[in-house]
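The values are calculated or read from the model by the stated rules, or taken from the named source; none is laboratory data. What you are looking at is a predicted structure, and each value in this text was computed from that prediction instead of being measured. Glycine also receives a Cβ, built like all others from the backbone with ideal geometry; neighbour counts cover every protein chain displayed. Surface areas here come from the heavy atoms of the whole protein model, side chains and all, with no ligands, DNA or RNA. Shrake-Rupley method; radii C 1.70, N 1.55, O 1.52, S 1.80 Å.
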Amino acid sequence: MIEKVNQGVYALHNPAGLHLGNFKWIQGQWKFKAVGYGPSGQVMPGGGPLTDRHNTTFDQLDESLIRAAFFKEE
């Protein structure tokens, strides 16, 4: 699920609601910035389950394309 945070930032959550990172509008494209959380809840930029997708770019925020790129169907 993609949720607007502000004009240039959208948060990405998995189906269970876990925050996985943010899409940021950078130099004319949407760039994914992965986020993980440490044992004490501290934010770990570039971490988390989608760390291998950190800095992936998209021309537009299309939820179906993002799901296909980031999540394997179970």
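Structural remarks
- Residue count for the range 36-56, restricted to those that are surrounded by fewer than 12 Cβ atoms within 10 Å (Cβ to Cβ) and among the β-branched types (Val, Ile, Thr): 1
- The condition of being open to solvent by 40 Å² or more (accessible area, probe 1.4 Å), among the basic types (Lys, Arg), free of Cβ contacts under 8 Å to residues at least 40 places away in the same chain and not in a strand (DSSP E or B) holds for only one of Lys72, Lys24, Lys33, that being Lys72.
- Qualifying residue in the range 61-74 (condition: out of contact with any Cys (no Cβ under 6 Å at 6 or more places or on another chain), modelled with pLDDT of 95 or more and aromatic (Phe, Trp, Tyr)): no
- Qualifying residue in the range 57-67 (condition: crowded, with 17+ Cβ neighbours inside 10 Å and of a type outside the set (Ser, Thr, Tyr)): yes
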